[in-house]
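Asks: I am attaching a structure below and will ask some questions about it afterwards.
Since every read-out is calculated from the coordinates, none of them should be taken as a lab result. All values derive from a computational prediction rather than experimental measurement. Cβ coordinates were reconstructed from backbone atoms using ideal geometry, including for glycine residues, and neighbour counts include every protein chain displayed.
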Amino acid sequence: MQLDFFPSRTLTLYLARLFVVRIVAVLFMLVLVLLALDLLSKTGDILAAPGNGQGEVLRYASLRLPQLVSNFLPYSVLLASLLTFWPLNQNSEVIAMRAAGLSAHQVLSPMLLTALLVAAVSFGFNERILTRANATLKAWEAADYGPIPDDDSSAVKPRANIYLTDGENILSAATLSGAGQNIVLTGVTWYARGPGGIIREQIRSTRAVYAGPGWRLENPVKFDVAGAVTERPAALVVGQNLSPERIMLQTVDPDVQSFWDLSGSIDAYEAAGRNTDEMRAKWWHRLSGPLSALLMPLLGSIAAFGLARSGQMFVRAIIGMALGFAYFVVDNAALAMGSFGGYPPLLAAWAPFVLFLLVGETVLIRTEE
């Protein structure tokens, strides 16, 4: 039996079923509570937009739900690990399995396999559902929960919070829709700056379209900073050096692109000589993030072994929980450092995973094997 990685088929299915039921239950509880709290803070803003009602609140909930599921699925696996191991130890089921000749790794193997399947499902969920929900929600929030400007001629999702530079000058927009020469910017602000970054003029416009070259501002409101004078010219063209290709390159949001689309964006940035540390770190994290579910049974396994009558079960559960949450803290810190260029992107995405994999194995071996 020591040569088999998995225990018997019956025991494997029994442990996997316990683990899956607890993952689903914990995830449902966390998402339900957090979504309710989020709706309490956002419902007023949603209903403040003209014409919005219960349907828009439910729409926000449907867009926010994938984000909560993706963010808290690893936490659910961690808590489910502790809730699975603790009763097994308390009821002496772990002792029975160990007495039957199973090693600690064989006891854990059904949970590790289940966690690996959860990681695969999480990756697919993030690629097919989360990225689309992120794109739509960001664009809707930028439009203050009103109608999202869209261009039917383009399959490109609207993008939010656009920030572009043209020399010293800055062009910002609340949303971008369309592609190529059919790009439409809404909620546009143009900052004309002098030497040293001092703002000379501020021009606001509800909408801007490509004028070839430059961008034509519709119904602009011009404010001269030095003279404190406001004007309303018929139309203005700004950003002569901002081509549609440059705008599309500068408005890449890693959170709204799939794994393969983001890979293409990274290649385009590198071809243009642009820094890709942030995008590459998030690209690697698309793989290491879902795989964090594989670590949770290993880190939580400290609650599975040791005698229940020793009176240290609660302490063991706290240690397992602390190890799991420490991973998430280190992972987020490393990803932030990688985005700012402090760590190489590969190291930022994978170092926490490898570190806590070694920590989990060390704890497991020293406490039981």
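Asks: Quick one: among 70, 92, 41, which has the greatest mean-square fluctuation in a GNM of the chain with alpha-carbon springs under 10 angstrom?
Replies: In the Gaussian network model the winner is 41.
Asks: Sum up the charges of everything whose Cβ sits under 12 Å from the Cβ of residue 208, counting Lys and Arg as +1 and Asp and Glu as -1, but leave residue 208 out. Before the final figure, lay out each step's value.
Replies: Working: positive: 204, 207, 216; negative: 218.
The answer is +2.
Asks: Could I ask something else about it? Write down, largest first, the equivalent ellipsoid semi-axes of the chain in whole Å, where each equals the square root of 5 times an eigenvalue of the alpha-carbon gyration tensor. The partial results should precede the final answer.
Replies: Working: eigenvalues 529, 95, 60 Å².
Semi-axes from the Cα gyration tensor: 51, 22, 17 Å.
Asks: Counting only C-alpha contacts under 8 Å and six or more residues apart, can you give the relative contact order of segment 159-254 as a whole percent?
Replies: Working: 217 pairs, mean separation 20.9, N = 96.
The value is 22 percent.
Asks: While we're looking at this one, here's another question. Ranking 81, 301 by Cβ neighbours within 10 Å, fewest first, what do you get?
Replies: Numbers: 81 32, 301 29.
The order, fewest Cβ neighbours first, is 301, 81.
Asks: Using a Debye calculation, one point per C-alpha and no hydration shell, please list log10 I(q)/I(0) for segment 159-254 at q = 0.12, 0.22, 0.25 Å⁻¹ in order.
Replies: Result of the Debye calculation: -0.35, -1.12, -1.39.
Asks: Further, regarding this structure: When Lys and Arg each count +1 and Asp and Glu each count -1, what net charge do the other residues less than 10 Å away from residue 173, Cβ to Cβ, add up to? Mind showing how you got there, number by number?
Replies: On the way: positive: 159, 207; negative: none.
Counting the neighbours of residue 173, the net charge comes to +2.
Asks: Using the Kirkwood radius over Cα pairs, work out the Stokes-Einstein diffusion coefficient for segment 88-131 at 10 °C and 1.306 mPa s, in µm²/s as a whole number.
Replies: Numbers: Rh = 12.4 Å.
In µm²/s, the coefficient rounds to 128.
Asks: Stretched out fully, how many nm does the piece from residue 230 to residue 29 gain, at 0.36 nm a residue minus the Cα gap? Each step should come with its number before you reach the end.
Replies: On the way: separation 201, 0.36 × 201 = 72.36 nm, distance 5.35 nm.
My answer for the length gained is 67.0 nm.
Asks: Under a plain spin-label model, where a point goes 7 Å from the Cα along Cα-to-Cβ, how far apart in nm are residue 260 and residue 163?
Replies: 3.2
Asks: Next up: May I ask you to derive the relative contact order of the chain, considering only C-alpha pairs under 8 Å and at least 6 residues apart, and to give it as an integer percent? Working shown, then result.
Replies: On the way: 580 pairs, mean separation 59.7, N = 369.
Reported relative contact order: 16 percent.
Asks: I would also like to ask the following. Residue 292: net charge of surrounding residues, Cβ under 13 Å, Lys/Arg +1, Asp/Glu -1, itself excluded?
Replies: On the way: positive: 286; negative: 331.
Residues close to residue 292 contribute a combined charge of 0.
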